[in-house]
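The numbers here are math on the coordinates, done by the rules we state, and not lab data. Computed from a prediction, not measured in an experiment: that's the story for all the values here. Cβ atoms come from the backbone with ideal geometry, glycine included; neighbour counts cover every protein chain shown.
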Amino acid sequence: MGRARSTTWLALALALALVACRRHDPASELALSGLETYWIVDTPQQGQNYIAPTVRFRLKNVSEQPLGSVQARARFPAPDQEEFWGSIQEQVSTWRHPIAPGASTLVTVRSAGRYHAAADPEDILRSPAFKDPRVDVFVRIGASDWALMAQATVERRIGAPGLLPLDAP
């Protein structure tokens, strides 16, 4: 009888664990808003200036549960390239610091790929050979599938919108 009771408790524990590990749907549990695209300037190396496409947006938890382990990433495909520039994956929330129901958080994801030239960063964007990439934004919760949340063209501007120039008072 002790063995049967142990088996029952084990089965109950496994059933509870499965309920706790529900499958998330990022497209219905998160809302993306305020998407902005721009270029950041990376550290110059050996006389070359580097710029990387970047996307910034807000993610809002529209579910009724706190959401931990939210991650964001982006693809930056150029018009005539077969390969995508990947992004540096961002950890948006953790199980210790989840996004509360109704709360939102600002997320910035930059490309791991970059353009480079000896020219000033603004001149790189003005080059006739410059190709405007797009951005595809993906989000996942825990081990869910990645959900495509937004697509846009990367704006030809250095720095985030609303950012004051360095020489501004």
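Please arrange L35, L106 by how many other C-beta atoms lie within 10 Å of their C-beta, fewest to most.
L106, L35
Explain nothing, just compute: Karplus ³J(HN,Hα) = 6.51 cos²θ - 1.76 cosθ + 1.60, θ = phi - 60°, for every residue of the stretch 33-39 in order, whole Hz, x for Gly and Pro.
8, x, 5, 9, 10, 5, 10
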